[in-house]
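The values are calculated or read from the model by the stated rules, or taken from the named source; none is laboratory data. Being a predicted model, the structure only gives us computed values, none of them experimental. Cβ placement follows ideal geometry from the backbone for every residue including glycine, while neighbour counts extend to all protein chains displayed. Each accessible area value is taken on the protein alone, full model and side chains, heavy atoms only, with ligands, DNA and RNA left out. Shrake-Rupley method; radii C 1.70, N 1.55, O 1.52, S 1.80 Å.
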Amino acid sequence: MPAKLNLHVHVKVNSGSGGVRIGELARRTGVSERALRYYEEQGLLSPRRLPSGYRAYREGDVAAVRRIRVLLAAGLNTARILEVLPCIVDDDGLLTPGCPELTEGLARERDRIDEAIGELAATRANLDRLIAGERRAD
DNA sequence: TTTCTAACA
DNA sequence: TGTTAGAA
């Protein structure tokens, strides 16, 4: 039998209400309200405002926040995420580079991390020697 | 009760 | 990012 690929096209658009408020979005994503407001400041989210001044998020923002978290966890800063987001393809939670140039850019981010790891490893080695009371050979 | 902005013992 | 004060 052919591979079973279940494509849940949850086209669940907004419920009739005015939108998701920050408290609920925070609960549903596990991200603090503080962080959600920060993402907005960085241009990563742009909820509309209710006459009360309260932020009204769209249902899709739940997934948007998850994407942001994945990217942050990958070491990208908010500025980088802002420019990279439009090239990201989200297949039900699976994020993949949508543009070829993005893949290259991310590979360089990885190299940058490798360098950092190398420097930390060297620093740790120096610390080990210091702890062991190793004496220089001169 | 919830959210908002602004600011930091 | 957390936390918090003061207001709506």
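What number, rounded to the nearest 500 deg cm²/dmol, is the helix-based mean residue ellipticity at 222 nm of chain A, given -39500 (n - 2.57) per DSSP H run of at least four residues and division by all its residues? Before the final figure, lay out each step's value.
Values: 5 runs with 71 residues, N = 138.
Using -39500 (n - 2.57) per qualifying helix, the result is -16500 deg cm²/dmol.
Rounded to the nearest 10 degrees, what's the angle between the helix A:100-132 long axis and the longest principal axis of chain A, both from Cα atoms, 0 to 90?
40 degrees
Quick one: what does P(r) look like for chain A with 5 Å bins over all Cα pairs, in whole %?
2, 8, 14, 15, 14, 12, 10, 7, 6, 5, 4, 2, 2, 1, 0, 0
Give me the 1.4 Å probe accessible area per residue for chain A, excluding ligands and nucleic acids, in Å². If you can, show how the numbers build up before the last one.
Numbers: 10330 Å² over 138 residues.
Here the residues of chain A average 75 Å² of exposed surface.
Gaussian network model of chain A, Cα springs within a sub-10 Å range: biggest mean-square fluctuation belongs to which of A:Ile22, A:Ile117, A:Ile88?
Fluctuation is largest for A:Ile117.
For the pair A:Asn77 and A:Arg28, how long in nm is the line joining their label points, each one 7 Å along Cα→Cβ?
3.1 nm
When chain A is modelled as a GNM with alpha-carbon springs shorter than 10 Å, which of A:Asp90, A:Asp128, A:Asp114 fluctuates the most?
The residue that fluctuates most here is A:Asp128.
Identify the trypsin sites (Lys or Arg not before Pro) of segment A:71-138 meeting these criteria: DSSP loop state and at most 10 other C-beta atoms within 10 Å of the C-beta.
Working: sites: A:Arg80, A:Arg108, A:Arg110, A:Arg112, A:Arg124, A:Arg129, A:Arg135, A:Arg136; in loops: A:Arg135, A:Arg136.
When the trypsin sites (Lys or Arg not before Pro) of segment A:71-138 are filtered for loop state and at most 10 Cβ neighbours within 10 Å, A:Arg135, A:Arg136 remain.
I'd like the carbon and sulfur percentage of the solvent accessible area for chain A, probe radius 1.4 Å, heavy atoms only, ligands and nucleic acids excluded. Kindly include the intermediate steps, with their values, before the conclusion.
Details: 5600 of 10330 Å².
The nonpolar share, carbon plus sulfur, comes to 54 percent.
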